[in-house]
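Single-structure report; data block below.
The values are calculated or read from the model by the stated rules, or taken from the named source; none is laboratory data. None of these values were measured; they are calculated from a predicted model. Don't worry about glycine lacking a Cβ; one is built from the backbone with ideal geometry, like all the others, and counts go over all protein chains shown. The area values use the complete protein model at the heavy-atom level, side chains included, leaving out ligands, DNA and RNA. Shrake-Rupley method; radii C 1.70, N 1.55, O 1.52, S 1.80 Å.
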Amino acid sequence: MAASVNTITETIEDTVNAVLSPLDQTPSSISVPEDIKSRNHTYFAYLPPQISSDMENASPASLRKAVSAVRQLDSLYEDNNRVLLLIASNIMQMVWTSERVDWETPSVSFASTYLGAIQSAKNGLYDTSTGKVDFLSVILPSLVVVKANDVSSFFGQAQSDLEACLRIRPDSVLANYLMGTLLRKADRAEEAVSFFYKAFSGAEESFQTGYAYADCLFGTKKLVEANAVVQKLLARFPQNAEGLKLAAKIAYATGNLNSAEEYTSKVLLQNSSDISALLFRAKILIEKKDYIHAASLLDMYSRQDSTSKEYLLLRAQIQLDWNRNVSGAVSTIENALRLYPDDMEVLLFAARLSKGANTPVGGKTVEDYALQILQGDPENEDAKFYAVEGAVQTENWTLAYKNSLELIEKNRFSKEICFNHVKICLALNKFDEAWACISSLYKNNPSDEEILENYVHVMVSSGRVVQALSLINQLISNASPKLKSSLYYERSFLQTGEENTLSDLRYSLMSNPRNSSSLFRLYQLYLAKKDYRKAQYYLKQVSALKPNDLKIRQLSDELNSLLR
């Protein structure tokens, strides 16, 4: 690539009007500023073509190559050379942050539009006064994209200028990297991938190009490709903490928890006070159900930060799943809702908590949270599921059926969605539909205990008495305690005579004393016999298992009034 504007102009006229994406090969139209086309002389027109080419490429390797060559030039353009060396130093320091500037950086006492653009970028400003007379004057203002978190104020200008640079030099590592960064920060990650690919392809020796490419692939859920790139990156930079953290995230997302923990442990061995790694290791341990060690890590983390969203969500998860401390989890999530009132993850956890505890969280029900989420994200499958759960809890079966039907069509083999749909169909006496739904699930997973429990339940509820008794009697002797308890409970509905019914319910509780369905049925049977003391005994046990269930509380109050 020639250094002079004459050569650049010829190149522009010969270049195609697109930058091809390496992933989808979709052309992108580019316009080139007239300033670059019309100028015949520039500040660096004297440079040999190879130096100009290396400066325009601006990868770490090509910058070093350009610097070495500039040092060998005669002193005729000494001031110009100083500016060029300073440009190279600043690009290295601002963009390729894992690299060292291993040359002497000169000082300059005079004004320069190039250095002014760099200083503006350092201050978070996009400099529009460079004149756009050559490649460097066009690209340097865009160095601001590596510093700025919000690129909206200059996005259009930066995109236009970077497209111009890519028109001149499609293989420029710097231009591709900056364009990818600009698009990524503008939430256009799918478009950014191809630019990061070109930057990485042109500078595989650079940590930044590899990390940006792998991270963008990860952000667009291309997990296999992301893992391939991050492994290549770690082969070159095995101790880099950011690379190890990204590898851990990719491993976690693919379900490889052991690898995720190994990568995170390597980060903590280098720096035990890295709180982001500490928090992520706690997340991995929670997923592995190692709650004791996870809780210890969260305690350590909370000494430095007790208000981060991720921390609050993990703390609430431990309180809910391990400590069974529903009120503690509610308190933690209500704190998260105050700090992050519109965050989707927080809203989804609040919906999950409200559903599981059957109680409002922060004054809102599971239906309220589902509606709030769906207003911002109408296609959110989790929110649709919680909308069904909310309708089930309020026994609005018609609405529950309508919402469930949409979910079941898309997720026919999802256990939770199928179980909900079965419950709704049974409540609406749609027995054939309930049977078709659970039979399909059972056919594909006949050994799954949860599915088996629901399969037997639908048999019993839909009047398939002979089939149900045959299957229950076949399974009951070798069943696990939990399944055995469920089978006895279901068989109690098929028994003739009160003693046989009570006997099965007692056997059910011998296998699993926490079977709330059996306890509640015993309450109902003794209530019907007006044996209120025994009814109260069993209802109290249900209440202990479901302390936040408003319906149970109401029944308890009614029973207490009968005992006065």
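Structure data summary
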read-out	value
Yes/no for Ala3 being crowded, with 20+ Cβ neighbours inside 10 Å, modelled with pLDDT under 90 and in contact with a Pro (Cβ under 6 Å, 6 or more places away or on another chain)	yes
Subset of the range 303-341 [among the polar types (S, T, N, Q) and not in a loop (DSSP other than H, G, I, E, B)]	Gln317, Gln319, Ser327, Ser331, Thr332, Asn335
Search result, residues across the range 124-140 that are of a type in the set (Val, Ile, Thr) and either surrounded by fewer than 23 Cβ atoms within 10 Å (Cβ to Cβ) or outside any helix (DSSP H, G or I) (or both)	Thr128, Thr130, Val133
Filter result for Leu527 (part of a helix (DSSP H, G or I), open to solvent by less than 80 Å² (accessible area, probe 1.4 Å), farther than 18 Å from Glu449 by Cα and aliphatic (A, V, I, L, M))	yes
Residue in the range 284-302 that is assigned to a helix (DSSP H, G or I), closer than 21 Å to Val230 by Cα, modelled with pLDDT of 95 or more and open to solvent by less than 60 Å² (accessible area, probe 1.4 Å) present	yes
Test result for Val422, free of Cβ contacts under 8 Å to residues at least 40 places away in the same chain, touching a helix residue (DSSP H, G or I) at 6+ places or on another chain (Cβ under 6 Å), outside any loop (DSSP other than H, G, I, E, B) and hydrophobic (A, V, I, L, M, F, W, C)	yes
The lone exception for Ser153 - which of (1) free of Cβ contacts under 8 Å to residues at least 24 places away in the same chain; (2) surrounded by fewer than 16 Cβ atoms within 10 Å (Cβ to Cβ); (3) not aliphatic (A, V, I, L, M) it fails	(1)
Qualifying helices (runs of 4 or more DSSP H) (wholly inside the range 141-241; at least 1 residues being of a type in the set (Ser, Thr, Tyr))	155-168, 173-185, 189-202, 207-219
Residue in the range 388-397 that is more than 30 Å from Asn335 (Cα to Cα), touching a residue at least 24 places away in the same chain (Cβ under 8 Å) and of a type outside the set (Val, Ile, Thr) present	yes
Unique residue being farther than 15 Å from Lys283 by Cα, open to solvent by 50 Å² or more (accessible area, probe 1.4 Å), out of contact with any Cys (no Cβ under 8 Å at 6 or more places or on another chain) and of a type in the set (Asp, Glu) when the list is Glu262, Glu204	Glu204
Members of the range 402-415 found to be in contact (Cβ under 8 Å) with a residue 24 or more places away in the chain, more than 13 Å from Ala387 (Cα to Cα) and assigned to a helix (DSSP H, G or I), listed by number	Ile408, Lys410, Lys415
Selection count, the range 451-494, where residues are open to solvent by 30 Å² or more (accessible area, probe 1.4 Å) and touching a Ser or Thr at 6+ places or on another chain (Cβ under 7 Å)	5
Selection within the range 246-255 - assigned to a loop (DSSP other than H, G, I, E, B) and open to solvent by less than 70 Å² (accessible area, probe 1.4 Å)	Gly255
Helices (runs of 4 or more DSSP H) fully within the range 342-401 counting 1 or more residues that are modelled with pLDDT under 90 and more than 24 Å from the chain's Cα centre (by Cα)	344-357, 381-393
The range 540-559 residues that are without any contact (Cβ under 8 Å) to a residue 60 or more places away in the chain, paired with ones that are open to solvent by 90 Å² or more (accessible area, probe 1.4 Å) and not hydrophobic (A, V, I, L, M, F, W, C) (beta carbon under 9 Å, 6 or more apart)	Gln541/Arg514; Ser543/Arg553; Leu545/Arg514; Ser556/Lys540
Filtered residues of the range 364-414 (kept if open to solvent by less than 10 Å² (accessible area, probe 1.4 Å) and hydroxyl-bearing (Ser, Thr, Tyr))	Tyr369, Ser404
Check on Ser276, within 21 Å of the chain's Cα centre (by Cα), polar (S, T, N, Q) and open to solvent by less than 40 Å² (accessible area, probe 1.4 Å)	no
Selection count where residues are in a helix (DSSP H, G or I) and surrounded by 21 or more Cβ atoms within 10 Å (Cβ to Cβ), scope the range 54-80	10
Some residue of the range 104-123 being under 21 Å from Leu63 (Cβ atoms), among the acidic types (Asp, Glu) and surrounded by fewer than 17 Cβ atoms within 10 Å (Cβ to Cβ)	yes
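Matching residues to (1) surrounded by fewer than 19 Cβ atoms within 10 Å (Cβ to Cβ); (2) free of Cβ contacts under 8 Å to residues at least 24 places away in the same chain:
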position: Leu162; (1), (2): no, yes
position: Arg167; (1), (2): no, no
position: Pro170; (1), (2): yes, no
position: Ala175; (1), (2): no, no
position: Gly180; (1), (2): no, no
position: Ala186; (1), (2): yes, no
position: Ala189; (1), (2): no, no
position: Val193; (1), (2): no, no
position: Lys198; (1), (2): no, no
